[in-house]
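Structure, as structure tokens:
The values are calculated or read from the model by the stated rules, or taken from the named source; none is laboratory data. These numbers were taken from a predicted model, which means no experiment stands behind them. Cβ: placed from backbone, ideal geometry, glycine included. Neighbour counts: every protein chain shown.
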């Protein structure tokens, strides 16, 4: 397996994987209620069935009027207007405001016919029952939201490929769009391998460990917009792994195999993937720490990722390769901007050139912001990540980072 | 209502609210399966029922041996060791490694009795069937994970008040903890008021608008760990609002009322809250834009928040006051570190002193990173937030920010 010796930089590795994906690797749409669509990705652009606001609205509590009637108004020389009525909220109004007239309107209320400006209540004074003094001039259009000022009829308001956040849910509801077509979540099959791996609810005998990866990866996949499907724990044997991988390959949109850790099983994973179709293994070995023995493959149109067995590597590598695959499937338009916090490194950190390092750190508040403290201990222990708030990426060309360097901590 | 004129800075406002919360304002625990606990908050600390790893494990593929047997070994003067067997994965081993002996062990495999170091396979050479040459010295403990190196039995591994992320799920599974006690999500009642507001699936007549706030706030509350309960759209009348607010007050842990926008209803919201119990309204008016007419209250042990009616203000203010209440209820230990992106402001922005401004911006990738482009248009239009990637906070003491200033964009 010569690829094992030739480590590929992670960006190039992802590029190879993406180039080998078939055009069919994309979500079909499914109809869901808008109120259940938080966090989903729009599969078809939505355009506005009508303008928003659908009628001209006041942005203040005040009097709608002809702006020209107020030119030059001051507290000592106010404009006098005849109060002809009140626009009630939630109803169309019959009122028409003529020259020299004004009608009371509330914030969000409909601007009556004829009016082209609104003066705030606090800039007026009542004179008896049916007259007001306007104490300052109002410009044409002042304090009025015009029809379509937010969106015009026919405008594309949310593009296909956008995440739906609370404001998109609200915006869709404003337009009466109570159902939307969203990208179906990709089914991500997860196969855990290893003779030593037992289910979490099992009593462990000496030599056995419980399955961490199936569950940690399921959680990561759910959070990233995929639908995790645990395909079980498979012993380190070619025939069993092939059977399970074939099944997952036929059912799932993405297949992830977390490698058992013995020498032999690493070859088995590659062999099984190759047996499932062309082009097979594209990358075997990525120049990152942790995560070197990663396999990226496409077999008969289905991307398959072989993750290192240790749980820290598995999670870090899944973040680098499985999450982007899910985003690609969903058709997410925006570049992936992982949430980060800027912090200052608490100590010197050494790194090898030619390898990207992902360093787990804890954030400690300081007077200037945050200090990023590397988590000590072996990198392949799951509680290293439990103690960490995020990862600092040390670029391939760096030999390390000095104490005090400002770093971007990628939050989990 | 004199409070209306006296605007309180947001941090002081939150402080007043928190100080008025009763001790009973905290989640009880509920038992859930660990595999379903992603994003939940632990209600009771979890300690390790056994050490992890539970047995000494090899971190490499190699030969377990007595380290002392390899001192001074070099390729030209190797140590010769007798190969006495292989440790099979997933089983306890009967092998005991004596002086001058070695046993094959795989990554993650159990270290056999007697061995105190492991040499990597690539630093050895086979000599016939049952002898190996060790080409470099091995230190005591080298390539061995000792019992309890990740966690010791009885260690608190995750504290009460921590979020469960994928790595916590994995870590709990590693310890066989398949159920956990998590904080019950707070029920957050949402009441939308306004004579002009109709449900999203209604046809709108002139003068009416669809309910945005109930749905946008529901989504924000879900995402923040609360359970939104929509209590309906209530007309701008004291009796109806009081009835609905009483019901929500008796059922929910937090009550949010989004104000109708007429003058009168703002008073109604405050009056209704005051009628529900002591201490009543604590803050009426916060020095922020958008969001000035915010009400913060505690009535008979239940926090109640009156949000401005316009959807942008409602969402921004809910982020500043409702989300922290949910976090407080859940007992979240960590300070709230909102995910941010550093960006450079694309234009000069003017702001009033004495008021915190939250400016919606779009992120545009540039050669140096990101440019933050303020979204133009009125601040109270919902699609302003749809077009935005995040908010820039302009501090109270600033009169504005210059083009090119580095700002932290708080991502939605």
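Annotations for the structure displayed:
- Residue in the range A:306-333 that is farthest from the other protein chains (Cβ to nearest Cβ), counting only those that are assigned to a loop (DSSP other than H, G, I, E, B) and touching a strand residue (DSSP E or B) at 6+ places or on another chain (Cβ under 8 Å): A:331
- Taking the range A:153-166 as the range and being more than 19 Å from residue B:199 (Cβ to Cβ), facing chain B (nearest Cβ under 10 Å) and either under 15 Å from the mean Cα position of the chain (by Cα) or surrounded by 18 or more Cβ atoms within 10 Å (Cβ to Cβ) (or both) as the test, the residues that pass are A:157, A:158, A:162, A:163, A:164, A:165.
- If you filter the range A:93-106 down to residues that are within 10 Å of another protein chain (Cβ to nearest Cβ) and out of contact with any helix residue (DSSP H, G or I) (no Cβ under 9 Å at 6 or more places or on another chain), you find that the one that is nearest to residue A:67 (Cα to Cα) is A:105.
- Condition check for residue A:64: under 13 Å from residue B:207 (Cβ atoms) and in contact (Cβ under 8 Å) with a residue 24 or more places away in the chain: no
- Looking across the range B:349-386, the residues that are modelled with pLDDT under 90, in contact with a helix residue (DSSP H, G or I) (Cβ under 9 Å, 6 or more places away or on another chain) and either under 23 Å from residue B:11 (Cβ atoms) or surrounded by fewer than 17 Cβ atoms within 10 Å (Cβ to Cβ) (or both) come down to B:376, B:377, B:378, B:379.
- Residue within the range B:367-375 that is outside the structural domain of residue B:289 (by TED's automatic domain parsing), within 25 Å of the chain's Cα centre (by Cα), over 30 Å from residue A:58 (Cβ atoms) and without any contact (Cβ under 8 Å) to a residue 40 or more places away in the chain present: yes
- Checklist (1) more than 11 Å from chain A (Cβ to nearest Cβ); (2) modelled with pLDDT of 95 or more; (3) part of a helix (DSSP H, G or I) applied to residue B:3, failing item: (2)
- Boolean, residue A:392 is part of a strand (DSSP E or B), within 13 Å of chain B (Cβ to nearest Cβ) and under 22 Å from residue A:287 (Cα atoms): no
- Matching residues, the range B:211-242, being over 16 Å from residue B:308 (Cα atoms) and assigned to a strand (DSSP E or B): B:227, B:228, B:229, B:230, B:231, B:232
- Out of A:109, A:141, A:90, sole residue that is within 14 Å of another protein chain (Cβ to nearest Cβ), within 41 Å of the chain's Cα centre (by Cα) and closer than 30 Å to residue A:36 by Cβ: A:90
- Qualifying residue in the range B:270-280 (condition: assigned to a helix (DSSP H, G or I) and buried (at least 24 other Cβ atoms within 10 Å of the Cβ)): yes
- Residues of the range B:61-81 satisfying the condition of being out of contact with any helix residue (DSSP H, G or I) (no Cβ under 8 Å at 6 or more places or on another chain) and either within 14 Å of chain A (Cβ to nearest Cβ) or surrounded by fewer than 16 Cβ atoms within 10 Å (Cβ to Cβ) (or both): B:64, B:68, B:71, B:72, B:74, B:75, B:76, B:77, B:80
- Residue within the range B:221-238 that is over 24 Å from the mean Cα position of the chain (by Cα), at pLDDT 95 or above and surrounded by fewer than 18 Cβ atoms within 10 Å (Cβ to Cβ) present: yes
- Take the conditions (1) within 12 Å of another protein chain (Cβ to nearest Cβ); (2) in contact with a strand residue (DSSP E or B) (Cβ under 8 Å, 6 or more places away or on another chain); (3) more than 27 Å from residue A:211 (Cβ to Cβ); residue A:336 misses just one of them, which is (2).
- Residue A:210 surrounded by fewer than 23 Cβ atoms within 10 Å (Cβ to Cβ) and either under 27 Å from residue B:173 (Cβ atoms) or in contact (Cβ under 8 Å) with a residue 24 or more places away in the chain (or both): no
- Residue A:291 falls short on exactly one of the conditions (1) over 28 Å from residue A:243 (Cβ atoms); (2) part of a loop (DSSP other than H, G, I, E, B), and that condition is (1).
- Selected residue [buried (at least 17 other Cβ atoms within 10 Å of the Cβ), assigned by TED's automatic domain parsing to the domain that holds residue B:46, in contact (Cβ under 8 Å) with a residue 24 or more places away in the chain and in contact with a helix residue (DSSP H, G or I) (Cβ under 9 Å, 6 or more places away or on another chain)] from B:172, B:135: B:172
- Close contacts from the range B:216-227, counting a first residue that is in contact (Cβ under 8 Å) with a residue 60 or more places away in the chain and more than 9 Å from every other protein chain (Cβ to nearest Cβ) and a second that is assigned to a helix (DSSP H, G or I) and surrounded by fewer than 20 Cβ atoms within 10 Å (Cβ to Cβ), with Cβ to Cβ under 7 Å and a gap of 6+ residues or different chains, come to B:224/B:323.
- Given (1) closer than 30 Å to residue A:125 by Cβ; (2) surrounded by 20 or more Cβ atoms within 10 Å (Cβ to Cβ), number of the condition residue A:48 does not satisfy: (1)
- Any hit, the range B:245-260, residues being within 14 Å of chain A (Cβ to nearest Cβ) and part of a strand (DSSP E or B): yes
- When the residues of the range B:175-190 are filtered to those that are in contact with a helix residue (DSSP H, G or I) (Cβ under 9 Å, 6 or more places away or on another chain) and farther than 24 Å from residue B:224 by Cβ, the one that is farthest from the other protein chains (Cβ to nearest Cβ) is B:179.
- Residue B:346 vs. criteria more than 14 Å from chain A (Cβ to nearest Cβ), at pLDDT below 95 and either over 22 Å from residue B:221 (Cβ atoms) or out of contact with any strand residue (DSSP E or B) (no Cβ under 8 Å at 6 or more places or on another chain) (or both): no
- Note on the range B:6-25: residues that are in a loop (DSSP other than H, G, I, E, B) and crowded, with 16+ Cβ neighbours inside 10 Å amount to 4.
- Scanning the range A:49-60 for residues that are at the interface with chain B (Cβ under 9 Å from one of its Cβ atoms) and more than 17 Å from residue A:118 (Cβ to Cβ) yields A:50, A:52, A:54.
- Condition check for residue B:311: at pLDDT below 95 and more than 30 Å from residue A:341 (Cβ to Cβ): no
- Conditions (1) in contact (Cβ under 8 Å) with a residue 24 or more places away in the chain; (2) within 9 Å of chain A (Cβ to nearest Cβ); number of the one not met by residue B:193: (2)
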